[in-house]
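A.B. asks: The structure is given below, and queries will be raised subsequently.
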Amino acid sequence: MTEITQIRPDRQVSVREVFGIDSDLMVPAFAEREDHVPEIDTVYRFNPEVTLAILAGFTRDRRVMVQGLHGTGKSTHIEQVAARLNWPCVRVNLDGHISRLDLVGKDAIVLRDGLQVTEFQEGIVPWALQRPVALVFDEYDAGRPDVMFVIQRILERDGKFTLLDQNRVIRPHPSFRLFATSNTVGLGNLTGMYHGSQMLNHAQIDRWNIVATLNYLSPQEEAAIVLARVPSKDSEHGRRLIASMVALANLTRKGFAAGDLSTLMSPRTVITWAENCEIFRDPALAFRLSFLNKCDDAERPIVAEYYQRCFDTELDESWMSPTHS
């Protein structure tokens, strides 16, 4: 196999043909798949605006951040674009355990000819920089300050990265690309939903060339996604059930926006609920196990009221239930 550092995009693909978006844009792609290329999800549905933003990142080497509420498929969106371009893609979750040494590299003791020697082992950033890889930083707004300043170096226009321990400057591979996903735009945990998210240095946010927002879809689109994930529900009864589930999810989102709820149903939760319906054969039980039990005790009657509105069925948690009389 050809070493990955030697390969380059070797063909152009049509955005209209590959992604079904009304655009004449042609995007560079690889003819052959490589081990780091994500698997194609054949039923994935692309948001046109966000897809074009991500494609601009691949085509013009723009630094692209995708921001939005949880469960909307931000990271998956980038992965599925990369999958259709056969572009190697590596995701790094910036949780509290990721350190500067993980990103940059560190000295490690290795065996050479039966002897223990100290050798510098590159972290994920220098490794990816030297290869045609789309590096995705997940939970970007949860990164520690010392980690974020490492990333800031590669956000510059030329993107050169200095390994101080090695007295070496790494120049990015021509096909290296950088993406990030975040729940906030670096403003911290304003809603109380995203504990652990940080206030980010605005000078760093300013270095991202494109910031796309991926939030919840129209009810029709969301229902189509759920049906694509749970094709056994693609019947007249199943479609009515899915429509009611999506309507309930939208009520929780409106309740959250109004301050009545401290949590909401993401599209990911609706898909999980539909999948659990297949297991338990009872929408009410599947709903309780998929979402209701995650809610605060004081808010469960409100959520049960939403359920009654959409399904015309009282849950035990409802104010109208005998257990609340």
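A.B. asks: Examine the stretch 67-78 for a residue that is assigned to a loop (DSSP other than H, G, I, E, B), open to solvent by 30 Å² or more (accessible area, probe 1.4 Å) and under 28 Å from Val230 (Cα atoms), and state whether such a residue exists.
C.D. replies: Residues of the stretch 67-78 that are assigned to a loop (DSSP other than H, G, I, E, B), as a first pass: 68-73.
Still in the list and also open to solvent by 30 Å² or more (accessible area, probe 1.4 Å): 69-70.
Pick out the ones that are also under 28 Å from Val230 (Cα atoms) and you get 69-70.
There is at least one residue in the stretch 67-78 that is assigned to a loop (DSSP other than H, G, I, E, B), open to solvent by 30 Å² or more (accessible area, probe 1.4 Å) and under 28 Å from Val230 (Cα atoms).
A.B. asks: When you scan the stretch 284-306, how many residues do you find that are surrounded by fewer than 20 Cβ atoms within 10 Å (Cβ to Cβ) and among the small types (Gly, Ala, Ser)?
C.D. replies: 2
A.B. asks: Name every residue in the stretch 258-283 that is surrounded by fewer than 17 Cβ atoms within 10 Å (Cβ to Cβ), assigned to a helix (DSSP H, G or I) and more than 24 Å from the chain's Cα centre (by Cα), in order of residue number.
C.D. replies: Ala258, Glu278, Ile279, Phe280
A.B. asks: Then there's this: Any residue in the stretch 32-47 that is surrounded by 13 or more Cβ atoms within 10 Å (Cβ to Cβ) and outside any loop (DSSP other than H, G, I, E, B)?
C.D. replies: The answer is no; no qualifying residue exists.
Conditions (1) among the polar types (S, T, N, Q); (2) over 26 Å from Asp35 (Cβ atoms); (3) part of a loop (DSSP other than H, G, I, E, B); (4) at pLDDT below 85, marked per residue:
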{"residue": "Arg153", "(1), (2), (3), (4)": "no, yes, no, yes"}
{"residue": "Gly159", "(1), (2), (3), (4)": "no, no, yes, yes"}
{"residue": "Thr184", "(1), (2), (3), (4)": "yes, yes, yes, yes"}
{"residue": "Thr191", "(1), (2), (3), (4)": "yes, yes, yes, yes"}
{"residue": "Tyr194", "(1), (2), (3), (4)": "no, yes, yes, yes"}
{"residue": "Gln204", "(1), (2), (3), (4)": "yes, yes, no, yes"}
{"residue": "Trp208", "(1), (2), (3), (4)": "no, yes, yes, no"}
{"residue": "Ala224", "(1), (2), (3), (4)": "no, yes, no, no"}
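A.B. asks: Filter the stretch 230-252 for residues that are crowded, with 17+ Cβ neighbours inside 10 Å, over 17 Å from Asp282 (Cα atoms) and of a type outside the set (Ser, Thr, Tyr) and give the result.
C.D. replies: Ala249, Asn250, Leu251
A.B. asks: Looking only at the stretch 4-21, count how many residues are open to solvent by 90 Å² or more (accessible area, probe 1.4 Å) and without any contact (Cβ under 8 Å) to a residue 24 or more places away in the chain. Reasoning before the result, please.
C.D. replies: The initial filter retains those residues of the stretch 4-21 that are open to solvent by 90 Å² or more (accessible area, probe 1.4 Å), namely 6, 8, 10-12, 16-17.
Within this subset, residues satisfying the condition of being without any contact (Cβ under 8 Å) to a residue 24 or more places away in the chain are 6, 10-12, 16-17.
Result for the stretch 4-21: 6.
A.B. asks: Restricting attention to the stretch 123-147, report how many residues are under 29 Å from Ile7 (Cα atoms) and touching a residue at least 40 places away in the same chain (Cβ under 8 Å).
C.D. replies: Of the residues in the stretch 123-147, the ones under 29 Å from Ile7 (Cα atoms) are 123-138, 140.
From what is left, the residues that are touching a residue at least 40 places away in the same chain (Cβ under 8 Å) are 126, 128-138, 140.
Counting residues in the stretch 123-147 that are under 29 Å from Ile7 (Cα atoms) and touching a residue at least 40 places away in the same chain (Cβ under 8 Å) gives 13.
A.B. asks: May I pose another question? Among the numbered conditions (1) out of contact with any helix residue (DSSP H, G or I) (no Cβ under 6 Å at 6 or more places or on another chain); (2) under 19 Å from Thr213 (Cα atoms); (3) among the small types (Gly, Ala, Ser), tell me where Ala128 comes up short.
C.D. replies: Among (1) out of contact with any helix residue (DSSP H, G or I) (no Cβ under 6 Å at 6 or more places or on another chain); (2) under 19 Å from Thr213 (Cα atoms); (3) among the small types (Gly, Ala, Ser), the lone unmet condition for Ala128 is (2).
The values are calculated or read from the model by the stated rules, or taken from the named source; none is laboratory data. Note that the structure is predicted; figures quoted are calculated from it, not measured. Cβ sites come from the backbone with ideal geometry, for glycine too, and all protein chains shown count toward neighbours. Protein only, heavy atoms only, side chains kept; ligands, DNA and RNA dropped before computing areas. Shrake-Rupley method; radii C 1.70, N 1.55, O 1.52, S 1.80 Å.
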